[in-house]
1. Can we say Met44 is modelled with pLDDT of 85 or more and out of contact with any strand residue (DSSP E or B) (no Cβ under 7 Å at 6 or more places or on another chain)?
2. So in the stretch 56-75, with the set limited to residues that are polar (S, T, N, Q) and open to solvent by 20 Å² or more (accessible area, probe 1.4 Å), which one is nearest to the chain's Cα centre (by Cα)?
3. Can you tell me which residue in the stretch 5-21 is farthest from Ala40 (Cα to Cα), limited to those that are open to solvent by 10 Å² or more (accessible area, probe 1.4 Å) and not charged (D, E, K, R)?
4. Answer with yes or no whether Asp53 is touching a Gly at 6+ places or on another chain (Cβ under 8 Å) and open to solvent by 60 Å² or more (accessible area, probe 1.4 Å).
5. So, in the stretch 188-226, of the ones that are at pLDDT 85 or above and charged (D, E, K, R), which residue ends up most open to solvent (accessible area, probe 1.4 Å)?
6. Do you know which residues across the stretch 152-166 are within 23 Å of the chain's Cα centre (by Cα) and in contact (Cβ under 8 Å) with a residue 40 or more places away in the chain?
7. Mind telling me which of the residues Asp185, Asp165 ends up being at pLDDT below 85, outside any loop (DSSP other than H, G, I, E, B) and at negative phi?
8. For the stretch 134-158, how many residues are in contact with a Leu (Cβ under 9 Å, 6 or more places away or on another chain) and open to solvent by 40 Å² or more (accessible area, probe 1.4 Å)?
Amino acid sequence: MRVLRIEDDDTIAEPLVEGLGRYGFAVDRVGTGAAALGAAFPDMVLLDLGLPDMDGIDVCRALRSRSDVPIIMITARADETDRVVGLELGADDYLSKPFGLRELVARIRAVTRRTHPAATPSCEEDAGPKADRTSQHIGDVVINRRTRQVHTGNRPIALAPKEFDLLALLADDPGAVYSRQHILDKVWDPHFFGPTKTLDVHIAALRRKLDRPTWIETVRGVGFRLAVPTDPPHPTGPPRTTQQ
């Protein structure tokens with residue numbers, strides 16, 4: 001599949017082109033709307049909205065007037081209006097920054113399934129942290145990797161997918177320190193595009209939902225670890241006797 005990436009920021013575009021190449025995509029990249037409109041039609045367009053010469057919305061409109069090529073908008077704009085306008089103009093999907101390479105590849109394949117079913121790649125997605133079929137008990141928290149469910153006692157904890165993956169990773173080796181980069185590589189993607197503050201947001205949400213803020217420790221300058229407190233020791237000494 002030949003993909004056209006329309007992006008003017010080299011620091012984002014170059015690793016993305018390299019990463020998509022590893023998944024078997026042939027990627028051409030241009031940095032302006034004018035260059036995009038003058039390029040040969042690809043099989044898929046990845047369109048950034050913040051271009052130096054024209055708005056990406058206008059590029060989308062022009063591309064759609066000429067072709068039914070699938071278009072995925074990729075942008076830092078978070079406003080709902082931009083998403084609605086882009087989709088109504090004919091974009092097939094909308095991906096907000098920050099994002100991971102695996103998520104982008106999944107969206108490319110999903111759009112391809114909808115628009116060109118016969119051309120859908122058959123490569124299997126990497127599902128992230130390896131799942132096993134057992135439940136792990138940590139204190140009174142139960143993590144079931146097969147069903148991706150977490151309970152504290154009999155109470156289910158509703159975790160977002162990345163929150164579950166984050167907890168499962170830290171629980172692989174309780175007490176071990178995981179670096180921020182290692183966590184981003186494993187839970188998000190080795191080619192993660194976006195601020196690492198995303199990790200802190202997920203850590204905070206996980207602490208809040210588990211209602212055990214001290215369990216996930218911040219190791220300053222390194223990363224995080226799951227530090228489950230041990231049960232307090234039973235009192236020692238001779239048993240108490242009551243006087244008759």
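The values are calculated or read from the model by the stated rules, or taken from the named source; none is laboratory data. Just so it is clear, the structure is predicted and the values come from calculations on it, not from any experiment. No Cβ is skipped: glycine too gets one built from the backbone with ideal geometry, and neighbour counts run over all protein chains shown. Ligands, DNA and RNA are excluded from the accessible area calculation, which covers all protein heavy atoms including side chains. Shrake-Rupley method; radii C 1.70, N 1.55, O 1.52, S 1.80 Å.
1. Working: modelled with pLDDT of 85 or more: yes; out of contact with any strand residue (DSSP E or B) (no Cβ under 7 Å at 6 or more places or on another chain): no.
It is false that Met44 is modelled with pLDDT of 85 or more and out of contact with any strand residue (DSSP E or B) (no Cβ under 7 Å at 6 or more places or on another chain).
2. Filtering the stretch 56-75 down to residues polar (S, T, N, Q) leaves 65, 67, 75.
If we keep only those that are open to solvent by 20 Å² or more (accessible area, probe 1.4 Å) too, we end up with 65, 67.
Working: Ser65: 32, Ser67: 31 Å.
Residue satisfying both the conditions and the ranking: Ser67.
3. Just the residues of the stretch 5-21 that are open to solvent by 10 Å² or more (accessible area, probe 1.4 Å), to begin with: 8-12, 14-15, 17-18, 21.
Restricting the remaining residues to those that are not charged (D, E, K, R) gives 11-12, 15, 17, 21.
On the way: Thr11: 24, Ile12: 22, Pro15: 23, Val17: 18, Gly21: 19 Å.
Result: Thr11.
4. Details: touching a Gly at 6+ places or on another chain (Cβ under 8 Å): yes; open to solvent by 60 Å² or more (accessible area, probe 1.4 Å): yes.
It is true that Asp53 is touching a Gly at 6+ places or on another chain (Cβ under 8 Å) and open to solvent by 60 Å² or more (accessible area, probe 1.4 Å).
5. Ranking the candidates gives Arg220 first.
6. Within the stretch 152-166, Ile157, Ala158, Leu159, Ala160, Lys162, Glu163, Leu166 qualify.
7. Numbers: Asp165 fails: at pLDDT below 85.
On inspection, the qualifying residue turns out to be Asp185.
8. The initial filter retains those residues of the stretch 134-158 that are in contact with a Leu (Cβ under 9 Å, 6 or more places away or on another chain), namely 138, 141, 143, 148-150, 152, 157.
Imposing the further condition that a residue be open to solvent by 40 Å² or more (accessible area, probe 1.4 Å) reduces the set to 148-149.
Qualifying residue count, the stretch 134-158: 2.
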